[in-house]
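Step one of this worksheet: look at the structure below.
The values are calculated or read from the model by the stated rules, or taken from the named source; none is laboratory data. Please read these numbers as outputs of a predicted model, since none were measured by experiment. Cβ sites come from the backbone with ideal geometry, for glycine too, and all protein chains shown count toward neighbours. We work out accessible area using only protein heavy atoms, side chains counted, and drop any ligands, DNA or RNA first. Shrake-Rupley method; radii C 1.70, N 1.55, O 1.52, S 1.80 Å.
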Amino acid sequence: MIVILKKDADTHELESLTSWLTGEGIKVMPTVGSHSTILGLVGDTSKIDINLISALDIVEDVKRVQEPYKAANRKFHPDDTVIEVGGTKIGGGNLTLIAGPCSVESKEQIIGIAEAVKKSGATILRGGAFKPRSSPYSFQGLHEDGIKLLLEAKKATGLPIITEIMDADQLPLFDDVDIIQVGARNMQNYTLLTVLGQIDKPVLIKRGMSATYEDLLMSAEYVMSQGNPRVILCERGIRTYETYTRNTLDIAAVPVLKTLSHLPVIIDPSHASGKAALVPPLAKAAVAAGADGVMVEVHNDPAHAKCDGPQSITPEAFDSLSKKLLNIKGSL
Ligand code: PEP
Ligand code: MN
């Protein structure tokens, strides 16, 4: 349920409404927007008499929210959420360019790529330290050492860093990581999402391979319901019957998620396609469709990458792509 307040609502009346609702076991989430102030009510609102609230002097309107996601719902927060991290802003008209290798391999590799993508306009550096590989025999990442190398690259370039967590036990290693990534395979790991809801750090959640928009938004809701509002949604392709591409990029996810939710939406054209040649056109389509940014795998030597070489573009290709993406964003 949402309660839309009148402009200049009396603070005493607002306090008494809030304490009455809290006493009824309802969590009240206020949002001061550009047009109005909204109280989002979470919990069992079925016993709340809508007419009783509507009748209050300070109330403009009351609406029930049918969707199961509440905090992530645009009805709760009509303005775009803008997430500030490491000197960059995600959402609200900004174009976020996340670039870097699939996995951190060595100091030279990560610092070299970080310097190159920064020069080309990347705003955030990516790199996997804990890799969720389909085969237990594949390279699993450098783990703690990988995070240390990412932090060195952060220090060398000033770029904020994003890396994937696979288990809540790993959280102490993420203290200086700027954004925590939850991978497609962990999108419905509700224990992990609940823990990430209790920290003060942005969380990027990748859409599961067979997850609906509502499933993804409910995963965001798990984090937000615990008190962490800084969630970023990422479409990275879904499983379909097509086998030519690694996954099928669902471009409709951009306008749909941005209508249903106020959270920033990022597209990952690398995992969506599995092919470096397809990354630029898909990234351009994503920005044209209104995405808040892209996350692109960039490797200095794709042929010898320890992970996802075929879908990694070179720093030179990223340089040319980032200019085109900025142009597209500017023309919208
Ligand atoms: C990744 O970004 O490195 C990754 C493993 O992606 P996904 O979870 O989308 O497969
Ligand atoms: Mn990868």
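If the condition is being exposed (fewer than 15 other Cβ atoms within 10 Å of the Cβ) and more than 22 Å from the chain's Cα centre (by Cα), then segment 311-329 contributes Glu316, Ser320, Lys323, Lys324, Asn327. Restricting Leu142, Leu125 to residues that are buried (at least 18 other Cβ atoms within 10 Å of the Cβ), assigned to a loop (DSSP other than H, G, I, E, B) and of a type outside the set (Lys, Arg) narrows the list to Leu142. Look at segment 306-319: where a residue is of a type in the set (D, E, K, R) and a partner is more than 16 Å from ligand 1 (Cβ to nearest atom), sitting 6+ places away or on another chain with Cβ atoms under 6 Å, you get Asp319/Ser120.
The set of residues from segment 238-263 being more than 16 Å from ligand 2 (Cβ to nearest atom) and touching a Leu at 6+ places or on another chain (Cβ under 7 Å) comprises Leu257, Leu260, Ser261, Leu263.
Considering each residue of segment 64-79, count those that are in contact (Cβ under 8 Å) with a residue 24 or more places away in the chain and among the polar types (S, T, N, Q), and give that number. Let's see the steps before the verdict.
Step one: filter segment 64-79 for residues in contact (Cβ under 8 Å) with a residue 24 or more places away in the chain, giving 64-65, 67-79.
Those still in the list that are among the polar types (S, T, N, Q) too: 73.
Total meeting the criteria: 1.
Please specify each residue of segment 36-63 satisfying the condition of being in a loop (DSSP other than H, G, I, E, B), in contact with a strand residue (DSSP E or B) (Cβ under 8 Å, 6 or more places away or on another chain) and in contact (Cβ under 8 Å) with a residue 24 or more places away in the chain.
Taking segment 36-63 as the starting set, the residues that turn out to be in a loop (DSSP other than H, G, I, E, B) are 36, 43-44, 48-49, 55-58.
The next check asks that each one be in contact with a strand residue (DSSP E or B) (Cβ under 8 Å, 6 or more places away or on another chain); those that pass are 36, 43, 48, 58.
Once the filter is applied, which keeps residues that are in a loop (DSSP other than H, G, I, E, B), in contact with a strand residue (DSSP E or B) (Cβ under 8 Å, 6 or more places away or on another chain) and in contact (Cβ under 8 Å) with a residue 24 or more places away in the chain, segment 36-63 yields Ser36, Ile48, Ile58.
A Cβ distance below 8 Å, combined with a sequence gap of six or more or placement on separate chains, defines the contacts here; from segment 80-103, residues that are away from ligand 2 (no atom under 16 Å from the Cβ) reach residues that are of a type in the set (S, T, N, Q) and open to solvent by 40 Å² or more (accessible area, probe 1.4 Å) in the pairs Val82/Asn94; Thr88/Asn94. Evaluating Ser210 against the criteria (1) over 18 Å from Gly93 (Cα atoms); (2) open to solvent by less than 30 Å² (accessible area, probe 1.4 Å) leaves one unmet condition, (2).
With respect to (1) surrounded by 14 or more Cβ atoms within 10 Å (Cβ to Cβ); (2) within 31 Å of the chain's Cα centre (by Cα); (3) not aliphatic (A, V, I, L, M), the lone exception for Gln66 is condition (1). Report, by residue number, each residue of segment 2-35 that is within 17 Å of His262 (Cβ to Cβ) and either more than 30 Å from the chain's Cα centre (by Cα) or assigned to a loop (DSSP other than H, G, I, E, B) (or both). Passing the criteria: Gly33, Ser34, His35.
For segment 292-309, the set of residues classified as in a loop (DSSP other than H, G, I, E, B) and out of contact with any Ser or Thr (no Cβ under 8 Å at 6 or more places or on another chain) consists of Asp301 only. Against the criterion of being surrounded by 15 or more Cβ atoms within 10 Å (Cβ to Cβ), within 16 Å of ligand 2 (Cβ to nearest atom) and polar (S, T, N, Q), Thr163 qualifies. Quick check, is Asp292 over 30 Å from Glu67 (Cα atoms) and among the acidic types (Asp, Glu)? Considered against the rule, which asks whether it is over 30 Å from Glu67 (Cα atoms) and among the acidic types (Asp, Glu), Asp292 comes out as no. Of the set (1) in a loop (DSSP other than H, G, I, E, B); (2) in contact (Cβ under 8 Å) with a residue 12 or more places away in the chain; (3) more than 20 Å from Gly128 (Cα to Cα), all apply to Arg246 but (3).
Working only within segment 251-261, note down all residues that are open to solvent by less than 30 Å² (accessible area, probe 1.4 Å) and without any contact (Cβ under 8 Å) to a residue 40 or more places away in the chain. If you could, list the steps in order and put the result at the bottom.
So the first thing to find is which residues in segment 251-261 are open to solvent by less than 30 Å² (accessible area, probe 1.4 Å), and the list is 253-254, 257, 261.
The one that is open to solvent by less than 30 Å² (accessible area, probe 1.4 Å) and without any contact (Cβ under 8 Å) to a residue 40 or more places away in the chain: Val254.
Any residue at all in segment 266-286 that's in a loop (DSSP other than H, G, I, E, B) and open to solvent by less than 10 Å² (accessible area, probe 1.4 Å)? Yes; the residues of segment 266-286 include at least one that is in a loop (DSSP other than H, G, I, E, B) and open to solvent by less than 10 Å² (accessible area, probe 1.4 Å).
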